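Worksheet for the structure shown next.
The values are calculated or read from the model by the stated rules, or taken from the named source; none is laboratory data. The shown structure was predicted, so the numbers you read here are calculated from the model rather than taken from an experiment. Here Cβ is always computed from backbone atoms with ideal geometry, including for glycine, and neighbour counts include all displayed protein chains. To get the accessible areas, we keep the full protein, side chains included, count just its heavy atoms, and leave off ligands, DNA and RNA. Shrake-Rupley method; radii C 1.70, N 1.55, O 1.52, S 1.80 Å.
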Amino acid sequence: MVHHAALHGIRIVECAQDMAAPYAAMLLAEQGGDVIKVEPSGGDRARPLPGFAVWNRSKRSVVADLTTAAGREGLQTLCASADVFISDWFPEHPELNYESLARSNARLIHCWMPPYGSRGDAAHSPALDDLVAARSSLMANQWANRDGPVFLTIPIASYGAALLAAGAVCAALVERTTSGHGQQVEVSWLAGALAMQTGTAIEHPALQRVMTLAPDPLGPIPVYRLFEASDGWLFIACGNPTFWNKLCLVLERPEMVSDPRFDGAPWAVAPAYWADLKSLVQGIIATRPRDEWLRLLTDADIPCAPVCARGDFIDDPQVAHLAMRHVVDDPHLGRSIQMGVPVTLHGNPGAIRCPAPELSHEPSAISFERIREEFAPATSDKRRVTSAGPLAGMLVLDFTNYIAGPFAGMALALAGADVIKVETPQGDPFRVFGFGFYGWNQSKRGLVLDLSKPAARDVVYDLVCKADALVENLRPGATRRLGIDYETLARLNPRLVYGSLTGFGSSGPRGHEPGFDPLLQARSGLMAAQGGHGHDPVFLACAVCDYGGGLLCAYGVMAALFARQRTGRGQLVETSLAQAAMAVQSGEMIFYNGRPDMENGGPDLIGYHPLRRLYRCADGWIFVSNESENGGRESRSVFGSAITIAKAVREAFDGPTAAALAEAFAPRERREVLAELGAAGIAAAPALTIAELFGDPLVSANDLIYATSVPQWGEFRQTGALVKYAATPVAIRPAPRLGQHTMEILRDVLGYPPQRIDALRRAGAVTTKGG
């Protein structure tokens with residue numbers, strides 16, 4: 001039997017530039033979608049970038065000039081017969097509004113990706129990832145040796161938006177199969193930036209105090225950080241008391257376990273003693289070579305990793321085992337090595353179908369006519385509006401802990417699924433992080449089961465028989481020991497979609513190793529790239545591998561749910577933090593002759609040149625981003641100084657132009673500086689802190705914040721509905737207390753009578769104290 005890819009037959013029109021929307025379309029293409037990229041006559045602005053070859057693989061291309069009636073008619077023709085339309089611009093012509101397009105094709109799903117959201121005074125600001133990163137607090141949250149924000153070398157906002165959007169499109173396709181109607185789905189780059197920091201984008205005084213403690217770019221937590229051995233750097237992820245006890249033995253300092261200064265290690269050491277513990281451990285690590293420490297730590301099962309370069313990672317045997325190292329013959333770059341498909345649907349595997357297309361030079365009308373003949377027209381009828389989320393009615397079991405796995409479940413919950421978080425009586429180990437837990441487990445229900453008890457396993461099996469999907473992030477082998485592996489559960493429910501998120505995959509040379517975000521930051525070259533050549537590596541405060549892994553897993557599950565609607569079969573979906581580490585560096589994780597240097601970060605990085613860097617004003621920081629040399633040597637006047645664009649972008653970040661601007665900006669308020677830059681036609685944005693983010697009118701206008709109250713903390717605000725489903729909006733709930741909904745689930749979902757619930761409680765199989 002031939003198993004087509006999950007999105008086989010789905011017709012997608014992408015009319016967008018830069019990275020976020022094209023990358024989302026590529027992810028959909030490589031799960032089977034037929035993507036036609038519509039470009040202006042000069043091509044996508046991103047064509048000169050190395051990443052273009054990755055973000056636009058597996059597509060066809062056609063040229064359309066939307067300033068002409070013929071070009072607009074061509075795009076309308078494509079959308080009239082498409083399933084999905086992806087765009088990132090505000091339509092200047094009424095016939096290109098979603099409402100107009102939907103009149104011809106009511107089944108059309110429009111994934112709209114405006115950089116700053118669709119509302120607010122700043123919504124039409126220049127489409128630059130740098131400015132979104134500044135405004136979303138990504139820069140301000142990065143640890144540094146100085147006060148102030150740090151420029152990040154990868155476009156995290158765009159990566160987050162792309163992964164978020166790919167899942168959102170699949171969720172909308174699932175809903176359309178039932179309702180028969182399309183809808184508009186909004187995923188801004190700003191929402192993508194917030195999606196990559198849901199555990200820290202929280203407003204509460206207690207959290208703000210913690211976030212300002214010891215902002216060390218090697219890692220603020222004393223034994224969860226970078227260390228320099230005698231011949232190189234490594235990361236030690238000592239993240240629980242068991243690892244701490246083992247680490248003290250490996251370091252040959254068993255007395256540290258009883259040292260009163262280090263009570264509560266590894267996470268709860270009093271901040272007054274952080275420097276003491278860091279200095280002590282660093283002094284020991286510096287005495288031996290890195291490979292020796294890696295061997296000792298690995299033998300003791302303490303998570304660790306060397307700091308490597310991107311080129312090392314693409315050649316890692318585990319990367320090859322995961323089919324994440326692909327040779328692609330690109331028409332412009334020649335032989336290139338790129339990442340593979342970052343999520344595997346075992347029943348409907350995806351594939352790279354072709355290199356990025358060349359810019360078509362044939363007349364648009366001929367191209368559109370040919371494509372029109374390939375597409376059958378879609379049925380048109382009227383949309384019915386509901387308000388329960390596109391995955392309403394889907395039951396998902398969540399057997400995850402820490403960040404990446406819970407975030408996958410949260411992404412499904414925020415698409416409307418009923419997600420039940422199954423925890424041990426001790427709870428998710430990351431409940432200790434308080435607010436972080438609320439940022440990774442929004443909108444779920446909580447159930448406590450002791451899976452060491454046979455009666456608890458029976459409860460799981462009863463739930464599995466009712467479930468649509470399950471997500472887990474246990475180490476390979478653990479699910480089999482617990483009796484919740486895919487093979488066992490698929491026999492109970494062949495329609496079950498089973499999402500597995502591991503550190504390095506379920507097999508292969510590193511398949512047995514534990515995986516944590518910083519270990520993959522270290523191995524994948526991200527820390528070295530942010531640190532720059534010849535400098536110390538940098539631990540990114542934004543857990544991009546965790547968040548990327550969670551979004552990839554959720555996307556894979558959503559795609560598999562859509563495939564199930566057509567085949568009736570569930571399947572195993574696998575991804576890993578190793579694959580996520582490549583997915584959030586897809587534009588940098590490409591190698592070919594003539595590849596530019598993309599590992600050029602630096603200590604406390606402030607920017608690359610005078611017109612792409614951070615500046616301090618009297619009341620805060622801003623980021624200036626003007627990469628274009630269009631206009632040749634045109635001069636711009638800023639506070640009386642003439643700036644020649646072509647010259648400035650070739651100067652050093654601390655050269656004479658930068659010094660003049662820094663001097664002019666320092667005594668002035670940020671609002672005045674931004675207004676002056678705007679008048680001069682130079683793009684800039686405030687570099688907001690978390691506290692400022694929650695007061696930003698742009699964030700408020702786009703309804704990206706959710707206010708709630710919980711018994712432990714009282715009132716606080718956090719990220720809200722980051723994907724806007726116009727016809728199926730989702731209601732949000734705070735993360736559950738431990739066991740909060742146990743009784744409710746046993747009674748209402750499983751229909752257990754009181755006598756059985758009492759028997760389960762007496763057997764210690766369930767805990768109902770929270771419910």
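State all residues of the stretch 299-318 that are assigned to a helix (DSSP H, G or I), open to solvent by 50 Å² or more (accessible area, probe 1.4 Å) and touching a residue at least 40 places away in the same chain (Cβ under 8 Å); if no residue qualifies, say none. Of everything in the stretch 299-318, those that are assigned to a helix (DSSP H, G or I), open to solvent by 50 Å² or more (accessible area, probe 1.4 Å) and touching a residue at least 40 places away in the same chain (Cβ under 8 Å) turn out to be ASP312, PRO317. Here the helices (runs of 4 or more DSSP H) wholly within the stretch 419-524 that include at least 1 residues being open to solvent by less than 40 Å² (accessible area, probe 1.4 Å), in contact with a Leu (Cβ under 7 Å, 6 or more places away or on another chain) and of a type in the set (Phe, Trp, Tyr) are 435-440.
Taking the stretch 674-697 as the search range and keeping residues that are within 31 Å of the chain's Cα centre (by Cα), open to solvent by 20 Å² or more (accessible area, probe 1.4 Å) and among the small types (Gly, Ala, Ser), which one is farthest from ALA123 (Cα to Cα)? Only one residue fits best here, namely ALA691. Being open to solvent by 30 Å² or more (accessible area, probe 1.4 Å), assigned to a helix (DSSP H, G or I) and under 30 Å from LEU207 (Cα atoms) is a description that applies to ARG671.
Of all residues in the stretch 603-630, those satisfying the criterion of being at pLDDT 95 or above and part of a loop (DSSP other than H, G, I, E, B) are ASP604, LEU605, ILE606, PRO610, LEU611, ALA618, ASP619. Checking GLU744, GLU715 one by one, the residue that is under 31 Å from the mean Cα position of the chain (by Cα) and open to solvent by 60 Å² or more (accessible area, probe 1.4 Å) is GLU715 and no other. Whether any residue in the stretch 650-660 is surrounded by fewer than 18 Cβ atoms within 10 Å (Cβ to Cβ) and among the hydroxyl-bearing types (Ser, Thr, Tyr) is what I want to check. So far as the stretch 650-660 goes, no, none of its residues is surrounded by fewer than 18 Cβ atoms within 10 Å (Cβ to Cβ) and among the hydroxyl-bearing types (Ser, Thr, Tyr). Name the one entry in GLY739, GLY764, GLY751 that is surrounded by fewer than 13 Cβ atoms within 10 Å (Cβ to Cβ) and under 23 Å from VAL460 (Cβ atoms). Exactly one residue qualifies, and that residue is GLY751. For first residues located in the stretch 690-718 and at positive phi, partners that are part of a loop (DSSP other than H, G, I, E, B) and open to solvent by 10 Å² or more (accessible area, probe 1.4 Å) and lie 6+ apart or on another chain with Cβ distances below 9 Å form the pairs ASP703/ARG119; ASP703/ALA721; GLY714/HIS204.
Counting the residues of the stretch 405-437 that are among the hydrophobic types (A, V, I, L, M, F, W, C) and in contact with a strand residue (DSSP E or B) (Cβ under 6 Å, 6 or more places away or on another chain) gives 8.
Checking the stated criteria, ARG633 turns out not to satisfy the condition of being open to solvent by 30 Å² or more (accessible area, probe 1.4 Å), in contact with a strand residue (DSSP E or B) (Cβ under 9 Å, 6 or more places away or on another chain), at pLDDT 95 or above and not aliphatic (A, V, I, L, M).
In this structure, ARG288 does not satisfy being basic (Lys, Arg), within 25 Å of the chain's Cα centre (by Cα) and open to solvent by less than 70 Å² (accessible area, probe 1.4 Å).
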